[in-house]
Structure formats: C-alpha cells, structure tokens
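Enquirer: Sharing a structure with you now.
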Amino acid sequence: MPLPIPRMSVVIPTFRRPALLARCLDALLAQTLPGHAFEVIVVDDGCTEDTRAACSEAALRSAARGGPAIRYLRPRGTRGPAAARNRGWRATSGRVVAFTDDDTIPDRDWLRQGETALATRGVQAAWGRVHVPLPATLTDNARNTAGLENAVFVTANRS
C-alpha cells in the first residue's frame with residue numbers, strides 16, 4: 001500500500017554540520033503535526049558521509065515511531081544554500097513547502113501553526129518568529145545574525 005502524500009514538506013540545506021543537523025531533525029521529529037502529514041528533505045551541499053549518517057539515523061528513528069519520511073539528497077557539486085533549497089523544493093511531495101536551516105531548533109508547533117496560518121482565506125505565505133541566542137561577548141557577526149529576529153521570510157523561521 002503506498003504511503004499517503006504529505007500535506008507539507010520541510011527543506012533543510014546543510015553544509016558539513018551533522019551535529020547541528022541532527023539537533024534540527026530531532027526537533028522536527030517532535031512536531032505536534034502528525035508524522036504522516038509532512039516529509040523532510042535534507043540537501044547535503046557539503047556531501048559528507050557524516051551528514052548522510054545523521055540523516056539515516058534520524059530516518060530510522062522516525063520510521064520506528066511513525067514519524068515523517070526523511071529523504072537525503074546530494075546536489076552535483078557545492079553551490080550554496082540557495083541552490084540547495086531549490087534542489088530540495090523540486091523534490092518535495094507536499095502542497096506546502098517550509099524552509100528551515102540546519103542550525104535551527106524549530107518549535108514543536110512550527111508546522112501546525114504554519115498550516116493554520118495558511119488555511120486563512122487569501123494567505124499565500126507565512127513566516128514565524130526567529131529567536132537568536134546571543135553569546136556573552138558580542139562580535140560583529142553575532143550582532144549581524146541577531147538582526148534576523150526582525151527580518152521576515154528568513155529561511156530559519158520557527159514559531
């Protein structure tokens with residue numbers, strides 16, 4: 001019997017950060033949206049075996065508890081996060097595509113709240129709040145990253 005088509009697809013570009021990716025995947029496996037309602041597509045722009053292993057381990061845990069399908073893709077060559085996102089959304093099955101990054105920890109209700117927002121008549125896109133934890137000593141990079149908290153439609157959205 002074929003698997004049901006998921007309502008939503010989550011696309012995650014990643015580049016040589018398997019530990020952060022594993023943390024993000026764990027957060028996605030804890031979503032309040034039922035596992036059959038979404039899928040996860042990981043695009044490994046760094047093309048490493050560690051990243052493939054992190055995806056395989058998460059996929060096995062997910063399958064064992066009826067969670068979402070997790071698919072691993074490798075692009076031809078490294079081309080950056082935008083190209084990885086494009087590769088990922090082209091492989092999705094869901095009617096709605098949600099983007100996040102490998103260094104995020106999506107809130108448990110992220111997908112459910114996104115789906116609810118998109119069910120509102122006339123709404124074509126939604127974004128969520130981003131919280132950026134700051135280090136004790138601020139660098140220029142940390143200050144720049146903190147600006148994501150006031151941005152809209154950043155790929156690191158969470159609810």
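The values are calculated or read from the model by the stated rules, or taken from the named source; none is laboratory data. On a predicted model such as this, the values are computed, not experimentally measured, just so you know. Ideal geometry is used to build each Cβ from the backbone, glycine not excepted, and the neighbour counts take in all protein chains shown. To get the accessible areas, we keep the full protein, side chains included, count just its heavy atoms, and leave off ligands, DNA and RNA. Shrake-Rupley method; radii C 1.70, N 1.55, O 1.52, S 1.80 Å.
Enquirer: How many residues, within the range 80-92, are outside any loop (DSSP other than H, G, I, E, B) and surrounded by 14 or more Cβ atoms within 10 Å (Cβ to Cβ)? Spell out the reasoning first.
Expert: As a first pass, look at the range 80-92 and keep what is outside any loop (DSSP other than H, G, I, E, B): 81-90.
Adding the requirement that they be surrounded by 14 or more Cβ atoms within 10 Å (Cβ to Cβ) leaves 81, 83-89.
Total satisfying the criteria: 8.
Enquirer: What tally of residues in the range 10-20 results from selecting those that are touching a helix residue (DSSP H, G or I) at 6+ places or on another chain (Cβ under 9 Å) and surrounded by fewer than 24 Cβ atoms within 10 Å (Cβ to Cβ)?
Expert: Of all residues in the range 10-20, those touching a helix residue (DSSP H, G or I) at 6+ places or on another chain (Cβ under 9 Å) come to 10-19.
When the remaining residues are screened for being surrounded by fewer than 24 Cβ atoms within 10 Å (Cβ to Cβ), the result is 15-19.
Residues that pass the stated criteria total 5.
Enquirer: Mind listing whichever residues of the range 97-120 are over 13 Å from the mean Cα position of the chain (by Cα) and of a type in the set (A, V, I, L, M, F, W, C)?
Expert: Scanning the range 97-120 gives A117, L118, A119.
Enquirer: Can you give me the number of residues within the range 16-27 that are closer than 21 Å to A82 by Cα, touching a residue at least 40 places away in the same chain (Cβ under 8 Å) and part of a helix (DSSP H, G or I)?
Expert: 4
Enquirer: Of I41, I12, which residue is over 12 Å from D102 (Cβ atoms) and modelled with pLDDT of 95 or more?
Expert: Details: I12 fails: over 12 Å from D102 (Cβ atoms).
Only one candidate qualifies: I41.
Enquirer: Every residue in the range 93-102 that is among the β-branched types (V, I, T) and open to solvent by 30 Å² or more (accessible area, probe 1.4 Å), please. If you could, list the steps in order and put the result at the bottom.
Expert: Here is the first cut: in the range 93-102, the residues among the β-branched types (V, I, T) are 96-97, 100.
V97 - this is the single residue of the range 93-102 that is among the β-branched types (V, I, T) and open to solvent by 30 Å² or more (accessible area, probe 1.4 Å).
Enquirer: Filter the range 87-106 down to the residues that are free of Cβ contacts under 8 Å to residues at least 60 places away in the same chain and out of contact with any strand residue (DSSP E or B) (no Cβ under 9 Å at 6 or more places or on another chain) and list them by number.
Expert: Scanning the range 87-106 gives a single hit, R90.
Enquirer: In addition: Counting just the residues of the range 103-113 that are of a type in the set (D, E) and either at pLDDT 95 or above or over 12 Å from L28 (Cα atoms) (or both), which one comes out most open to solvent (accessible area, probe 1.4 Å)? Break it down stepwise before answering.
Expert: So the first thing to find is which residues in the range 103-113 are of a type in the set (D, E), and the list is 103, 107, 109.
Then drop every residue that is not either at pLDDT 95 or above or over 12 Å from L28 (Cα atoms) (or both), which leaves 103, 109.
Working: D103: 70, D109: 39 Å².
Here the residue is D103.
Enquirer: Here's something else I'd like to know. Within the range 114-123, can one find any residue that is buried (at least 17 other Cβ atoms within 10 Å of the Cβ), touching a residue at least 60 places away in the same chain (Cβ under 8 Å) and assigned to a helix (DSSP H, G or I)? It would help to see each step written out before you state the result.
Expert: Going through the range 114-123, the residues buried (at least 17 other Cβ atoms within 10 Å of the Cβ) turn out to be 114-115.
Imposing the further condition that a residue be touching a residue at least 60 places away in the same chain (Cβ under 8 Å) reduces the set to 114-115.
The next check asks that each one be assigned to a helix (DSSP H, G or I); those that pass are 114-115.
Within the range 114-123, one or more residues are buried (at least 17 other Cβ atoms within 10 Å of the Cβ), touching a residue at least 60 places away in the same chain (Cβ under 8 Å) and assigned to a helix (DSSP H, G or I).
Enquirer: For P4, work out the one condition from (1) at pLDDT below 95; (2) in contact with a strand residue (DSSP E or B) (Cβ under 9 Å, 6 or more places away or on another chain) it doesn't fulfil.
Expert: With respect to (1) at pLDDT below 95; (2) in contact with a strand residue (DSSP E or B) (Cβ under 9 Å, 6 or more places away or on another chain), P4 is out only on (2).
Enquirer: Filtering the range 29-79 down to residues that are touching a residue at least 40 places away in the same chain (Cβ under 8 Å), out of contact with any Pro (no Cβ under 8 Å at 6 or more places or on another chain) and in a loop (DSSP other than H, G, I, E, B), which residue is least open to solvent (accessible area, probe 1.4 Å)?
Expert: Only one residue fits best here, namely L33.
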